[in-house]
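Shown next, in structure tokens, is the structure this report addresses.
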Amino acid sequence: MRVKQTVGAGAIVILLGMTGSGLTGCANLGVKPWERDLLAEPGMEIDPDVIITALDEHIYFSKEASTGGLGTAGGGCGCN
Amino acid sequence: MGACGLLGLAGSTAEATEVNTAILGYTEPGRVSAFEAIVNGNHQFDSGKSLNFRLVFDALTGASANGATPASFTQTFTRPSGRGSYRTAPGDTPLDDTFRDTRGAGSVGLTMPVNRVTNFSVGLYGSGEYDYVSLGGNLALTRDFNQRNTTIALRGAFFHDTINPEGGRPVPFSAMPDEGTQKAKLPGNGTKQTMDLGLGLTQVFNRRTVVHFNYTYSHVTDYQTDPFKLLSVVDPVTGDPRAADAYLYEGRPDARDKHVLFGRLVRHLGRDIVHLSYRFFRDDWGVRSHTVDLTYRWNFGDRKFFKPHLRYYNQTAADFYHRYLVDGEALPGHASADYRLGDMYTVTYGLTHGRIVGDDHELTVRVEYYAQMGESHPADAIGNLRNYDLFPTVNALIMQVGYSFNLFQ
């Protein structure tokens, strides 16, 4: 179980760490409208492929006890 | 909707329709096979409104673990309909090969600007299969702050499901009847209500970095038992099923509260793009889970990419998960031997290839491998059960072809 908790804690540390020093400089968060070139590139969306997300959520819903995350947990199916 | 829309990154209100389609094949050798087709459309109106629709069709066939344990002799199980039976060889995991189902689902959603920085969305959802109907609706309100670098979203959804399983809904803990005999049934159809409430935050950190956090609370009430799953009642010495009434139908609580915390980092690395996500899930059934998901979009110019994918998931068992019941011991209030409620971890490895074809159409091909591992040999297994694999690894292969294009640009 300790290994599992370490995996979770590690992911949080990486998530926070990769955001760089931005967390300590909240006043400077964000970009000007003309600085959105990279953010507008294909693949930079939070959910870059809604189809894959929908299909995967259906698979994991029917194989695991956890649901939801990116959106609401959603409706059911009689998945066996 | 991706963050681009939420954060005003797309920036354009020109009329356009984006259509995404895909077909997917899913196969677990010796168990379930599924085919799924999906079409997703998003039309952007000049007015700033957008309309989203989605159609899904899937077909499922094959065998699924019925919950019973392996035994030292051939076991015979009555099919859920009460007509016919199937047999499991000594030492094998009992699999019910009855499952054949097709499902159609559709949803439509409309997003409307309330003012320059606020959007309101409303949506409807419906799905139907032979023994299950789900109807639902959702509302969402999003607001941009800080020159559209910050977006906060409030979401709510409600679903009403109706379950009318083949052979009826068995009374929890009633015995599986012999072939041709009726089981003890609960009256009428089962229903299930789901209410979701969500709060999301999306923040642009700098030119290369966006983060997204989501908290979702989900309250589920009414019938949540799997009417097809059994529990073996085993002899306390041999571990084999007892002589009479050896298999009981499972029973789950009729209420469940779930909490989901989700975080995702999107980072542009100059050429490539990385998505790193973490999800924590807990519910009052005793399930706790951690999910880590990583994709790396490896761009080759503007027209081609490879995207490796890695996912790791683990969960603790539900409080009422019992791999089997022991003859002579008192029955618990609720019990299920459904492997999906047991201690387990899963891994997914995958690779997606995408390329632009023709006039800005995108073709993607995805192959993924999924494996699910659990407690194969519990330390407290009884008698002969020590010799059997009580949680066989489930392997699955997922293959998908997708095609996306724009209309009316």
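The values are calculated or read from the model by the stated rules, or taken from the named source; none is laboratory data. In this text the structure is predicted, and so the values were computed from the model without any measurement. Backbone-built Cβ (ideal geometry, glycine too); neighbour counts: all protein chains shown.
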Quick count over the stretch B:77-93, residues being of a type outside the set (Lys, Arg) and exposed (fewer than 15 other Cβ atoms within 10 Å of the Cβ), is 6
- Task: Please verify whether the stretch B:279-289 includes one or more residues that are touching a residue at least 60 places away in the same chain (Cβ under 8 Å), among the small types (Gly, Ala, Ser), surrounded by 15 or more Cβ atoms within 10 Å (Cβ to Cβ) and under 24 Å from B:LEU390 (Cβ atoms).
- Result: no
Selection from the stretch B:4-32 of residues farther than 22 Å from A:ILE46 by Cβ and either at pLDDT below 95 or outside any strand (DSSP E or B) (or both) yields B:ALA14, B:GLU15, B:GLU28, B:PRO29, B:GLY30, B:ARG31, B:VAL32
Taking the stretch B:137-174 and keeping only residues that are over 29 Å from B:VAL210 (Cβ atoms), part of a strand (DSSP E or B) and acidic (Asp, Glu), one is left with B:ASP161
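Every residue, every condition in (1) modelled with pLDDT under 55; (2) among the hydrophobic types (A, V, I, L, M, F, W, C); (3) surrounded by 16 or more Cβ atoms within 10 Å (Cβ to Cβ), yes or no:
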site: A:ASN28; (1), (2), (3): no, no, no
site: A:PRO33; (1), (2), (3): no, no, no
site: A:ASP37; (1), (2), (3): no, no, no
site: A:ILE46; (1), (2), (3): no, yes, yes
site: A:ILE59; (1), (2), (3): no, yes, yes
site: A:ALA65; (1), (2), (3): no, yes, yes
site: A:GLY71; (1), (2), (3): no, no, yes
In the stretch B:291-303, residues that are among the aromatic types (Phe, Trp, Tyr) and in a loop (DSSP other than H, G, I, E, B) total 0
Filter the stretch B:290-344 for residues that are farther than 24 Å from B:PHE280 by Cα and in contact with a helix residue (DSSP H, G or I) (Cβ under 9 Å, 6 or more places away or on another chain); the one that is farthest from the other protein chains (Cβ to nearest Cβ) is B:TYR324
Taking the stretch B:382-392 and keeping only residues that are farther than 15 Å from B:ASP343 by Cα and hydrophobic (A, V, I, L, M, F, W, C), one is left with B:ILE382, B:LEU385
| Just wondering, is there one or more residues in the stretch B:240-252 that are surrounded by 20 or more Cβ atoms within 10 Å (Cβ to Cβ), among the charged types (D, E, K, R), within 22 Å of the chain's Cα centre (by Cα) and closer than 30 Å to B:PRO165 by Cα? | yes
Given the conditions (1) under 23 Å from B:ASN189 (Cα atoms); (2) surrounded by fewer than 23 Cβ atoms within 10 Å (Cβ to Cβ); (3) of a type in the set (Phe, Trp, Tyr), every one holds for B:TYR215 apart from (1)
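Can you find even one residue in the stretch B:226-241 that is more than 10 Å from every other protein chain (Cβ to nearest Cβ) and touching a His at 6+ places or on another chain (Cβ under 9 Å)?
Within the stretch B:226-241 (the criterion being more than 10 Å from every other protein chain (Cβ to nearest Cβ) and touching a His at 6+ places or on another chain (Cβ under 9 Å)), the answer is yes, since at least one residue qualifies.
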Quiz item: Looking at B:THR221, is it part of a strand (DSSP E or B), within 26 Å of the chain's Cα centre (by Cα) and within 11 Å of chain A (Cβ to nearest Cβ)?
Solution: no
Only one of B:PRO177, B:PRO236, B:PRO165, B:PRO170 is surrounded by 23 or more Cβ atoms within 10 Å (Cβ to Cβ) and touching a residue at least 60 places away in the same chain (Cβ under 8 Å), namely B:PRO170
Residues in the stretch B:386-405 that are within 17 Å of B:ARG31 (Cβ to Cβ) and of a type in the set (S, T, N, Q) total 2
Log entry, pairs with first residue in the stretch B:390-401 being within 11 Å of chain A (Cβ to nearest Cβ), second being of a type in the set (Asp, Glu), beta carbons closer than 7 Å, six or more apart or on different chains, reads B:VAL394/B:GLU28; B:ALA396/B:GLU28; B:ILE398/B:GLU368
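Is it the case that B:THR202 is in contact (Cβ under 8 Å) with a residue 40 or more places away in the chain, part of a strand (DSSP E or B) and in contact with a His (Cβ under 8 Å, 6 or more places away or on another chain)?
yes
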Residues of the stretch B:56-84 being assigned to a strand (DSSP E or B) and within 29 Å of the chain's Cα centre (by Cα), in sequence order, are B:VAL56, B:PHE57, B:ASP58, B:ALA59, B:LEU60, B:THR61, B:GLY62, B:ALA63, B:SER64, B:ALA65, B:PHE77, B:THR78
Conditions (1) in contact with a Ser or Thr (Cβ under 9 Å, 6 or more places away or on another chain); (2) within 14 Å of chain A (Cβ to nearest Cβ) -> B:ASN146 fails only (1)
